Amino acid sequence: MLRKDTEVLGGSSDSSVRAVLAAFQKGQAPGLFALAAAKGSFEQSASAGFFRTFSTVYLSGLCKIQSLENQQNGYLLEAPHSELERLILAAPPMSGAEYLNLDCLLKLWQDLDSWVQKDVAAQDTNLADWLKAKAPLWHQVGRVCFHLAENKRDPDYPFAFMATYAPGLSSGGKVQYQPLSQALKEYAGEGNKDALISLLTPVQLAAEKSALVRQMVESKEIYHALRWTPEEAYALLKEVPLLEESGVLVRMPDWWQHRQKPRVTVTIGEKRKNTLGLDAMLDFQIALSLGEDKLTEGELKQILASSGDGLFFLKGQWVEINRDKLAKH
C-alpha cells in the first residue's frame with residue numbers, strides 16, 4: 001500500500017510532494033510524518049490520501065502532548081483504536097486494501113511513534129521545539145492562542161481580545177481556531193481530562209506570572225470575547241514574552257512588532273555662521289517627531305495630557321508613549 005514513488009502522490013512535481021518522497025527514502029515512519037506535515041493540499045492517489053489522514057490523526061494527537069515525559073507503556077501517544085477502526089471502514093478502494101486491518105495500522109502507529117521519540121532525542125531538543133521545526137503549522141495545533149485585534153468601529157474600546165485553541169488544520173492546510181470555551185465542551189468527560197489539563201497548563205503557568213491573565217482566569221472572562229481599552233491592550237502587549245515563555249501563543253497586530261516611538265530631534269538653525277559665537281550656539285530647534293513627521297505643539301499637549309504610559313493613537317496609527325521621558329524634554 002505504501003510505495004515510495006511519484007505514483008503514490010499522483011505524479012506531482014510540487015515541492016511539498018518532493019519533500020514527502022525524500023522523507024520516504026529515509027524510511028516509512030519519516031515518510032508518514034512528512035505526509036501529514038506537508039503544507040497545503042496537492043494531487044494524491046487514494047492510498048496516499050488515506051495514509052495522510054492516518055498520519056494526521058497521529059500528528060494531531062502528538063501536538064496535544066506537553067513533552068516526552070508523557071510516555072506510557074512505551075508509547076508517547078497511544079493509538080486510538082476506535083478512531084482507527086472508523087478510518088478502516090471509510091477507506092477508499094486502493095491497491096492492497098485487502099491487507100488493511102487494525103493490526104496493520106497499529107504497527108504503522110507504533111513505528112511512527114517510536115521514530116518520533118528517537119528523532120526528538122537525537123536532536124537533543126524538546127517536543128515543542130521539535131514540532132515547530134518539523135511541522136511549523138501543526139506546532140500551533142492543540143495549543144491556546146491569545147488574539148488581540150483592533151476594533152476600529154468602537155472608539156471607546158478600540159481593541160478586541162479572544163482566547164482560542166487550535167483543534168487541527170483545514171483541508172487547505174490553514175490552522176483552525178475555536179473559542180477556548182469550545183474546548184471545555186469538546187473535552188468534557190473523564191476520558192478527555194488529561195487532554196484538557198494539557199491544553200490549559202500553559203494558561204495556568206501564565207496566570208502565575210501575570211496579574212492580567214490571573215484576573216481573566218479567576219473571573220472566567222478568558223472564555224469570552226472581550227472589548228478592551230488601549231490600557232488593557234497595552235498591559236497584554238507588554239507581557240507577550242512572558243506569555244510565550246509559558247507556552248501560550250500570541251497573535252497581535254503587525255504594527256506592534258514594528259512600532260515607532262516619538263523621539264526628540266534637534267535641528268541646527270539655517271543661518272550659516274563662520275564663527276562659533278553665542279548666537280550660533282543658540283540657533284537650534286528641538287522638536288518631537290514620529291518617524292519623518294514632526295508633531296505639532298497641540299499633538300504634544302494631547303500626549304502629555306493623556307493618563308499614564310501606553311498606547312496613543314497618533315497620525316492614524318497606534319504608538320507607544322512614555323510620558324515621563326517626553327516630559328523631561
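Between A211 and L137, what is the FRET efficiency for a Förster distance of 35 Å, r being their Cβ-Cβ separation, to the nearest 0.05?
The value I calculate is 0.60.
Give, in nm to one decimal, the length gained when the segment between Q110 and A90 is fully stretched (0.36 nm per residue of separation minus the Cα-Cα distance).
Full extension from Q110 to A90 adds 5.1 nm.
Could you give the length gained on full extension between Y157 and S15, defined as 0.36 nm per residue of separation minus the Cα-Cα distance, in nm?
46.6 nm
If I take R0 = 56 Å and measure r between the Cβ atoms of Q25 and K220 in this structure, what FRET efficiency does the formula 1/(1 + (r/R0)^6) give, to the nearest 0.05?
Rounded to the nearest 0.05, the efficiency is 0.65.
Can you give the FRET efficiency for E98 and H147, using 1/(1 + (r/R0)^6), R0 = 45 Å, r = Cβ-Cβ distance, to the nearest 0.05?
0.40
Quick one: order T125, T56, T164 by neighbouring beta-carbon count within 10 Å, fewest to most.
T125, T56, T164
Calculate the length of the line joining the C-alpha centroid of the stretch 198-216 to that of the stretch 75-136, in whole Å.
32 Å
Subtracting the Cα-Cα distance from 0.36 nm times the residue separation, let me have the gained length for E78 to T125 in nm, one decimal.
Extra length available between E78 and T125 comes to 14.7 nm.
Would you compute the Debye intensity of the stretch 137-206 from its alpha-carbon atoms alone, equal scatterers and no solvent, and pass along log10 I(q)/I(0) at q = 0.12, 0.13, 0.18 Å⁻¹ to two decimals?
-0.40, -0.46, -0.77
Can you give the log10 of the normalised intensity I(q)/I(0) at q = 0.16, 0.18, 0.32, 0.35 Å⁻¹, computed with Debye over equal Cα scatterers of the stretch 202-244?
-0.38, -0.49, -1.26, -1.27
With charges only on Cβ, +1 for K and R and -1 for D and E, what is the dipole size of the stretch 84-227 about its Cα centre, in debye, rounded to 20?
Roughly 440 debye for the stretch 84-227.
What is the magnitude of the charge dipole of the stretch 142-254 about its Cα centre, with +1 placed on the Cβ of each Lys and Arg, -1 on the Cβ of each Asp and Glu, and no other charges, expressed in debye to the nearest 20?
I would put it at about 260 debye.
Positive end of the dipole of the stretch 142-254, charges at C-beta (+1 Lys, Arg; -1 Asp, Glu), about the Cα centre: which of A183, V203, N151 has its Cα farthest in that direction?
A183
In Å and on Cα atoms, what radius of gyration and Dmax does the stretch 81-165 show?
Cα only, the stretch 81-165: 20.9, 64 Å (Rg, Dmax).
For the peptides 26-35, 105-114, what is the packing order when you average, over each peptide's residues, the other Cβ atoms within 10 Å and list the highest mean first?
By packing density, highest mean first, the sequence is 26-35, 105-114.
Which one of G173, A133, L77 is farthest out on the positive end of the charge dipole of the stretch 70-196, using unit charges on Cβ (Lys, Arg +1; Asp, Glu -1) and the Cα centre as origin?
G173
Where a number appears in this text, it was derived from the coordinates with a stated rule and is not lab data. In this text, all values refer to a predicted model and were calculated from it rather than measured experimentally. Here the Cβ is made from the backbone with ideal geometry for all residues, glycine too, and neighbour counts use every protein chain on show.
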